[in-house]
Amino acid sequence: MELSGLWRLQQFEAGQARPLEVAAAGLDDRFWITAQVPGDVHSALIERGLIDNPYFGHNDAKSRWIEQKEWWYRYAFNYDLNEDPEEKHELTFEGLDTFATIYVNGKEIGTTNNMLMGHTFDVTRVLVEGKNTIAVKFDPLYLHNRDKELFQWSSYTKERPWLRKAAMNFGWDWGPRMVTVGIWGKVHIERKRLAKLDSVFARTVAVNESAASIKLDADVIAFRKNAELECEVRLLAEDGRVVTSVHGMVNGPGRSKTNTFTMEVVNPQLWWTHDLGKPYLYELEVLLYADGELVDLYKKPFGIRTIELELKDQHGQHAFAFILNGVKIFAKGANWIPADHFIGSIPDQRYRDLIDLSVNSNMNMLRIWAGGIYEKDVFFEECDKRGVLVWQDFAFANALFPDFNRDFMENVRKEVIYNIKRLRNYTSLALWCGNNEIDWLYDMKSAGSDITCPFYGEVIYHELIPEALELLDDSRAYWPSSPFGGNDANDPDVGDRHNWQVWHGSVYPRQFGDVPLLDYSIEGVTFKNYKKDYTLFSSEFGMHASANRYTLEKNIPDGQFYWNSVEMAYRNKDTNHQKGILLMEGYTGIPSNIEEYMNFSMLTQAEGLKYGIEHYRRNKHRTSGSLVWQLNDSWPGTSWSLIDYELLPKASFYYAKKFYHPLLLSIDHEPGQPLHVWAVNDTLSSLQGQVLLSVFNFSGELLFSHAFDAQVKPNEALHLGSLNETDILQGASADQVVVKLSTTDWAAPDNLIYLRDQKDLKLPPTTLRVNVDETAQTVQITANGTHARMVKIDLPQGNIRFSDNFFDLLAGEQVTVHISDPAGSKVSLKELNVSAMNL
C-alpha cells in the first residue's frame, strides 16, 4: 500500500511541540499545509507560495531559517487489517531526511539518523482496523551535531562529518547551501504471511557464446518455525518465455538464512553497453511458498554479463580498465551529481531525460559522486535499460569522518549493508568506490600542514566497506577511493586519476608528502596540460562554462544579466573566479560582455574537453577511460556541467557526441608542428577504407587534400600518418584555415580542427541564411560566403532537444537541425534565434 501523495506539514520551534499531542491520531491538522511525499519542506513551501524560489537571485539566503526549525508530517489512511494472526505488517520509508521520530496512531515506533538509507518498522501491533495516522517529527540538525568535535578538515563546512546526509546540501563549489528536510523517498506498507524474501542476489558467474551460469542467493525469514518453505526461481525472455527455472526447499526458521541456487542458460543474450550491442534484459522471478501458499514474490529485470576491473594487463603492467563480457572497453562518460538540490522532489522523468541525453552523447558510463546520495532506483533502472555502466561511490566526500566512534560506525555499517543489498542486482552497476578524493587530499593537506591529526575515516574505506562487500557482493570490484594508487594517490601510473592541473592549476608531478602547489596562470590552468597526462583512467577532469541564456535569464533579477554583475558572480560557487578568466584568456581572449562570456566559456570548455579526450582516446592502449566532471547541474549556476539545470546542453555536450563517438577521427597537432592523423575504433568490428584530410580557407576554397589508407582493427587506436604543417597550408596562413577529417567508408563523424587558438584566428565576418519550418520542426542554416564559427540556436524554453547545436559551417555549407520536445509536444519556434561568433 503506497502512502505517497499529499501529507500535512507544520513547523515548530525546536522543542516547542508536545510530541504525544502532535502525533495523536485524533489531532485536528486541517490548518496545516499540504506537502507532497516524496518531497521536502523547501519544495512544499515553494509550491504553496510561502517562500520565494531559492534558485532565483539571492533567495537561497532568505530560506536558511528552514534548517533551524522542527518539522512535522502527518498522514491519515484507512487500512483493512484482516486480523490474521499469521500476517505481519511493515512500514517502510525509503528516505527520511535526516533525524526523524516516527509515530503510528500516537505510538512512537522508532527513530532514524541517516538520510542515505531506507528504514523499515514492524507495525503489526500498532495498526488498527479502519483509520490510522502516521506522524513524523524531524529535528533541526544542530541538535545532533552542536556538541560534536569539529575536525581539522571538512570541505565547505565543518558541521557535516557526524551527519549521514548528502554532503552537497551544505554547499559545494558548484551549488549553494540548501539544507533540506523531509520525507524524500516513497512510503509504503507491506503485509506478509508466514515468511518473506528478505533479499535476493543474482549474478552471472560465467559466460560464453553458448552458455551462461547464474548464481542466486535468497535470504528468507520465516515467521513460524514449522512452516515448510520452497523457492521457485525463473528466468524469462523478453517475450515472456521461461528460459530456465529451478526450485527447491529453503531454510529460514525465525531468522534470515541464505539459500543458493544455480541456473544454466543456453545460448544467452548478453547485456552490453549501448555502444557495443544491445543491453538485453531478462526478467528474473523468485517465488516463495510457505506450506504450498505463495507468500512473496521478487520480480526484477536481469542482464547476463560479466564485469571485471583489470589492474594488470597481459604484460603484467599496471592497468585500470573495465572488462565487459571479456571485452576491454574504453569508458566514455561523466560524473553525476544529484539532479536537483531538492532530491526528494526530483521527478522520475528528469532522471530519464538526463540518461537519455547521456546516451545521445555516446556516453557508456556514469560515476555517481560521493557527495550526493546512493541514487534512486529509477536511475539504475534507466541505466540498465539504456546500456550505461555505473560507477557508484559510497557517500563519503572530502572530509575526515569519526571512525573511532562506535555509534557512528554502526550507523555507517547499516547504511553500507542496506545500499549494497539494494543496488547489487542492477546489471549496470560496475564498480563500488569507497570515497571521493579523501585519501588523496588527506595526504596533500597533511603535507601542507593543514591537518596534523590521524586519518579519521580510513577504517571505513579500507576495512568496513570491503568486509561488507566480501560478504554481500562478490560480483564486482571495489576501489578504496578516487583517485587512488601509486606514489601519490593521483599517480598517473597506478589506478585512476583526477586531472585538476587544468582549471584548478594543481602542479604535477607530485609524490606522497610533497607540499601541494597551485599555479594560477594561463600556463598553469590551460587545457593544453591534458596532453601531458598519460593516466591509466581519468575519472575526474573538466572546466567551467556558462549556463545557456534561458537558464540564466530565468533566474537572475532584472538589470543584473550582464558580464561581471553581482548576480552573475553569485552563480559561480568556485573558490577563485580568476581561473575561468585565465582559461579564456589563453584560448578565446577575455570576454567584454555577457554574450561573449557565454560564447567564450562554452567554446573553451568544448574545445578543451575535445583536446583532452581525443588525447586520451588516441592512447587507448594505455588509457582506458575518461569521465568528465560533470554531467549535470543541481541548480541554475555556472559550473563544469555539460548540461545546465534547465536540461539545456552546452556546447561541450554537442562536441561530446563526436569526441565520444565509438568511431573517432583525430589529429594530434601543436602550432608549427606536424599533423599526426589517427583513427580510433571502439567497436568490435574491423574498419577498412580511406580517411580524407582536407584544408579549406575561410572562404571555402579547398587548398589541400590527402587520403590515408586505413585498416583499423577492433578496439584499436591507429596512427594513420603525419603531414607537415607547411605542406598542407600551400602558402596560406595557419590562422586563416580549417582542417577537416572525414571518411565515407564508415560512420565516423567529420572532425574540424583549427591550427591556432580561437583568439589568434583571423575569422572574417559571416552571414547566415536561416529558414524555419514550424510544421516540420526544423531550422535550415546556411553559411553565406564565409566560414561560420560556433553557430548557436537559442530558444527561450527548457528541456528541448536540437539534433545539433554549437557547430561550425564551412563557407556555403548548409545543415538542417531538427528540434523536439522529449515530452512529445510541439515546440514553438517563433522566438528562435540563430547566431555565430563571427556574425
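The values are calculated or read from the model by the stated rules, or taken from the named source; none is laboratory data. This is a predicted model, so every value here is computed, not measured. Neighbour counts run over all protein chains shown; Cβ positions are idealised from the backbone, glycine included.
From the list 187, 181, 220, the one residue that fits, being buried (at least 17 other Cβ atoms within 10 Å of the Cβ) and touching a Cys at 6+ places or on another chain (Cβ under 8 Å), is 220.
Criterion first (surrounded by 21 or more Cβ atoms within 10 Å (Cβ to Cβ) and assigned by TED's automatic domain parsing to the domain that holds residue 378) does residue 420 satisfy it? Here the answer is yes, as residue 420 does meet what is asked.
Just the residues that are outside any loop (DSSP other than H, G, I, E, B) and charged (D, E, K, R), please, taken from the range 366-408. Working first, answer last.
Kept after step one, since they are outside any loop (DSSP other than H, G, I, E, B), are these residues of the range 366-408: 366-368, 377-386, 389-393, 397, 399, 406-408.
Passing the criteria: 367, 377, 381, 382, 384, 385, 386, 393, 406, 407.
Checking 731, 700 one by one, the residue that is surrounded by fewer than 16 Cβ atoms within 10 Å (Cβ to Cβ) and over 23 Å from residue 623 (Cβ atoms) is 731 and no other.
Of all residues in the range 325-344, those being part of a strand (DSSP E or B) and surrounded by 22 or more Cβ atoms within 10 Å (Cβ to Cβ) number 6. For residue 493, the conditions (1) charged (D, E, K, R); (2) in a loop (DSSP other than H, G, I, E, B); (3) out of contact with any strand residue (DSSP E or B) (no Cβ under 9 Å at 6 or more places or on another chain) are fulfilled apart from (3).
So which residues in the range 269-288 are of a type in the set (D, E, K, R) and in contact with a Leu (Cβ under 8 Å, 6 or more places away or on another chain), if there are any at all? First the steps, then the outcome.
Taking the range 269-288 first, the residues of a type in the set (D, E, K, R) are 275, 278, 283, 285.
Answer for the range 269-288, where residues must be of a type in the set (D, E, K, R) and in contact with a Leu (Cβ under 8 Å, 6 or more places away or on another chain): 283, 285.
Selection over the range 428-486 of residues that are of a type in the set (Gly, Ala, Ser), out of contact with any strand residue (DSSP E or B) (no Cβ under 7 Å at 6 or more places or on another chain) and either in a strand (DSSP E or B) or farther than 26 Å from residue 322 by Cα (or both) gives a count of 5.
For the range 535-564, enumerate the residues that are within 21 Å of residue 52 (Cα to Cα) and within 27 Å of the chain's Cα centre (by Cα). I'd like the intermediate steps shown before the answer.
Residues of the range 535-564 within 21 Å of residue 52 (Cα to Cα): 550-561.
Listed by number, the residues that qualify are 550, 551, 552, 553, 554, 555, 556.
Here residue 308 passes the criteria (1) under 29 Å from residue 634 (Cβ atoms); (2) surrounded by fewer than 20 Cβ atoms within 10 Å (Cβ to Cβ) except the one numbered (1). Restricting the range 565-581 to residues that are at pLDDT 95 or above and loosely packed, with under 14 Cβ neighbours inside 10 Å leaves a set whose member that is farthest from the chain's Cα centre (by Cα) is 566. Within the bounds of the range 504-515, is there any residue that is touching a residue at least 24 places away in the same chain (Cβ under 8 Å) and buried (at least 24 other Cβ atoms within 10 Å of the Cβ)? No, because not a single residue in the range 504-515 is touching a residue at least 24 places away in the same chain (Cβ under 8 Å) and buried (at least 24 other Cβ atoms within 10 Å of the Cβ). Residue 795 - would you say it is in the same structural domain as residue 673 (by TED's automatic domain parsing) and modelled with pLDDT of 95 or more? No; evaluated as a whole, the condition is false for this residue. With respect to the conditions (1) in contact (Cβ under 8 Å) with a residue 60 or more places away in the chain; (2) part of a helix (DSSP H, G or I), residue 420 lacks only one, and its number is (1). Annotation: residue 295 fulfils all but one of (1) part of a strand (DSSP E or B); (2) touching a Gly at 6+ places or on another chain (Cβ under 8 Å); the unmet one is (2). In the set (1) in the same structural domain as residue 235 (by TED's automatic domain parsing); (2) of a type in the set (Asp, Glu); (3) surrounded by fewer than 20 Cβ atoms within 10 Å (Cβ to Cβ), residue 348 fails one condition alone, (1). Could you say whether any residue in the range 510-517 is over 24 Å from residue 367 (Cα atoms) and in contact with a Pro (Cβ under 9 Å, 6 or more places away or on another chain)? Yes, that holds for at least one residue. Here residue 591 meets each of (1) assigned to a helix (DSSP H, G or I); (2) within 21 Å of residue 805 (Cβ to Cβ) with one exception, condition (1). Mind checking whether some residue in the range 453-460 is aliphatic (A, V, I, L, M), in the same structural domain as residue 432 (by TED's automatic domain parsing) and over 28 Å from residue 410 (Cβ atoms)? No, every residue in the range 453-460 fails to be aliphatic (A, V, I, L, M), in the same structural domain as residue 432 (by TED's automatic domain parsing) and over 28 Å from residue 410 (Cβ atoms). Out of curiosity, is residue 644 farther than 22 Å from residue 807 by Cα, touching a residue at least 40 places away in the same chain (Cβ under 8 Å), of a type outside the set (Gly, Ala, Ser) and surrounded by 22 or more Cβ atoms within 10 Å (Cβ to Cβ)? Criteria not met by residue 644. Annotation note: Cβ proximity below 9 Å between a residue of the range 12-30 that is within 22 Å of residue 127 (Cα to Cα) and a residue that is of a type in the set (Val, Ile, Thr) and assigned to a helix (DSSP H, G or I) (sequence gap 6+ or interchain) occurs for 29/22. Of the residues examined, residue 771 is one that is surrounded by fewer than 18 Cβ atoms within 10 Å (Cβ to Cβ), over 21 Å from residue 643 (Cβ atoms) and outside the structural domain of residue 728 (by TED's automatic domain parsing).
Is it the case that some residue within the range 504-511 is of a type in the set (A, V, I, L, M), closer than 25 Å to residue 449 by Cα and more than 23 Å from the chain's Cα centre (by Cα)? So that I can check it myself, show each step before the final result.
Of all residues in the range 504-511, those of a type in the set (A, V, I, L, M) come to 507.
Subset that is closer than 25 Å to residue 449 by Cα: 507.
The next check asks that each one be more than 23 Å from the chain's Cα centre (by Cα); those that pass are 507.
For the range 504-511, residues of a type in the set (A, V, I, L, M), closer than 25 Å to residue 449 by Cα and more than 23 Å from the chain's Cα centre (by Cα): present.
What number of residues in the range 762-795 are of a type in the set (A, V, I, L, M), outside any strand (DSSP E or B) and within 19 Å of residue 697 (Cβ to Cβ)?
Keep residues of the range 762-795 that are of a type in the set (A, V, I, L, M), which gives 763, 768, 770, 772, 776, 779, 781, 783, 788, 790-791, 793, 795.
Okay, now just the ones that are also outside any strand (DSSP E or B), so 763, 776, 795.
Next cut, within 19 Å of residue 697 (Cβ to Cβ) only: 763.
The qualifying residues number 1.
Considering only residues that are modelled with pLDDT under 95 and part of a strand (DSSP E or B), which ones fall in the range 250-287? Hits for the range 250-287 are 250, 253, 257, 258, 259, 260. Residues that are more than 18 Å from residue 202 (Cα to Cα) and hydroxyl-bearing (Ser, Thr, Tyr) within the range 459-477 comprise just one, 461.
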